[in-house]
Amino acid sequence: TSRLLYLFQPQPSGFHPFGGLLQHNGTYYGVAEGGLHDDGIVFALVSGTSGTRIFETLYNFSGAPNDGEEPTGLVYIGADGTLYGTTRMGGNGTACLFTDNGCGTMFELKPPATSFGMWHESILHSFKGIPDGAGPGSGVVRENGSFYGTTEFGGTSGLCPAVIGCGTIYKITPLGSSATERVIHSFYTKRTSTDGVWVSDTLIAGGDGNLYGATSFGGGAPACQVEPEVNGCGTFYSLTVGRGEKPRVKTLYSFAGGRDGEEPAALVGAASSGVYGHTGYGGLSAACFDGCGTIFHMTHSGSTWNETRLHVFAGPDGEHPIGSLVLDGSTLYGTAGSGGTAACFCGTLFELHT
């Protein structure tokens, strides 16, 4: 059974919630569009009487140049209840697609010191586009007291002419109400590289001292030409972040398009049992001109990683998987943005036994 907990309303209360929910001490936290300044909000669902939930707006973003804009999600809750998250735009960066709207931020939101106090927000980092990236996503991992995340655009590459930069991996270490930021990797700085471009919003801890991620394009496969300078249908890569080791990025697999799939995303799993994900296109289903997408499994033998396609979407079971995957035991759950058997081809909710 399901029960409606809250019905989002038009301005100024916030609408179109996205990015999922995080829970701390019985309270659920999330983000939404809208708010007093139409730049997004952070909200809480607090326990009420008789199992009800009370909606509270904790913070209204005010946008560039002094605040974040368009929150992508909350990524971590500290032991004291401090919330950490990212916004896709906002901040004082200018070397990005929307120069007046900023290149994105990472923020913290501290709970009030008293029961009726206000939450206090601080911008930990304002992305500049060049060299540290633009458009940070919610796929952030906390390791050894630091946050590792990706930006879809930005960085030092000049080989993605349709945008500014091909994407980055960054490291942010909070220091009180500020933080230090370091660019770990700037994607596709050399034409001869098999590096990926345009980083998908997915980064996971592999349990082996490495983080794993994917890029939407790049990798060199001729089946997908994004720009004259950029070929490839996406990559699967690793980032070494172990203590005492120099962070390094390695392309583990380049998608070939067609039957193999293209635009990988939504990673879940671990290095020991393999990493699962989906591709938004490819698979050679006749129901979709460019393929309806796949679900894949990455496993390794030593340092060599191999891909196994577990499922190719065909239309009635869904087209173009989107969003995150959930791994429960040996079963994957996810959503497809379109397809299905309804007259509107409105999408599906699927499970896959691995």
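The values are calculated or read from the model by the stated rules, or taken from the named source; none is laboratory data. Note that the structure is a prediction, hence the values are computed from the model and not measured. So basically every Cβ, Gly included, is an ideal-geometry build from the backbone, and we count neighbours across all protein chains shown. Only protein heavy atoms, including side chains, enter the accessible area calculation; ligands, DNA and RNA are left aside. Shrake-Rupley method; radii C 1.70, N 1.55, O 1.52, S 1.80 Å.
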(message) Just to be sure before I move on: is SER303 open to solvent by 50 Å² or more (accessible area, probe 1.4 Å) and of a type in the set (Gly, Ala, Ser) in the structure I sent?
(response) yes
(request) For SER216, state whether it is touching a Pro at 6+ places or on another chain (Cβ under 9 Å), within 24 Å of GLY85 (Cβ to Cβ), modelled with pLDDT under 90 and surrounded by 24 or more Cβ atoms within 10 Å (Cβ to Cβ). (result) no
(message) Could you list, ordered by first residue, the pairs with Cβ atoms under 8 Å in which the first is in the stretch 273-284 and under 13 Å from THR308 (Cβ atoms) and of a type in the set (A, V, I, L, M, F, W, C) and the second is open to solvent by less than 10 Å² (accessible area, probe 1.4 Å) and in a strand (DSSP E or B), at least 6 apart or interchain?
(response) VAL275/TYR212; VAL275/PHE236; VAL275/MET298
(message) Just checking, does the stretch 261-270 include any residue being within 17 Å of VAL197 (Cβ to Cβ), open to solvent by 40 Å² or more (accessible area, probe 1.4 Å) and touching a residue at least 12 places away in the same chain (Cβ under 8 Å)?
(response) yes
(request) Give GLY196, GLY139, GLY93 a once-over and let me know the one that is touching a Leu at 6+ places or on another chain (Cβ under 8 Å) and at negative phi. (result) GLY139
(request) Return yes when LEU332 is within 20 Å of the chain's Cα centre (by Cα), open to solvent by 50 Å² or more (accessible area, probe 1.4 Å) and not aromatic (Phe, Trp, Tyr) and no when it is not. (result) no
(message) Scan the stretch 79-100 and tell me whether some residue there is modelled with pLDDT of 90 or more, among the acidic types (Asp, Glu) and surrounded by fewer than 20 Cβ atoms within 10 Å (Cβ to Cβ).
(response) yes
(request) Would you point out the residue of the stretch 151-210, among those that are β-branched (Val, Ile, Thr) and within 14 Å of ASN231 (Cα to Cα), that is most open to solvent (accessible area, probe 1.4 Å)? (result) THR192
(request) Take LEU109 and decide whether it is surrounded by fewer than 23 Cβ atoms within 10 Å (Cβ to Cβ), of a type outside the set (Ser, Thr, Tyr) and in contact with an Asp or Glu (Cβ under 7 Å, 6 or more places away or on another chain). (result) yes
(request) Quick one: ALA134 ticks every box in (1) open to solvent by 10 Å² or more (accessible area, probe 1.4 Å); (2) farther than 20 Å from SER324 by Cβ except a single one, so which number is it? (result) (1)
(message) Out of the strands (runs of 3 or more DSSP E) lying entirely within the stretch 143-241, which hold 2 or more residues that are in contact with a His (Cβ under 7 Å, 6 or more places away or on another chain)?
(response) 168-175, 178-186
(request) Would you mention how many residues in the stretch 224-260 are touching a Gly at 6+ places or on another chain (Cβ under 8 Å), at pLDDT below 90 and loosely packed, with under 15 Cβ neighbours inside 10 Å? (result) 2
(request) Please list, ordered by first then second residue, the pairs with beta carbon atoms under 7 Å, 6 or more apart or interchain, first in the stretch 183-203 and at pLDDT below 85, second part of a strand (DSSP E or B). (result) THR194/THR251; THR194/SER254
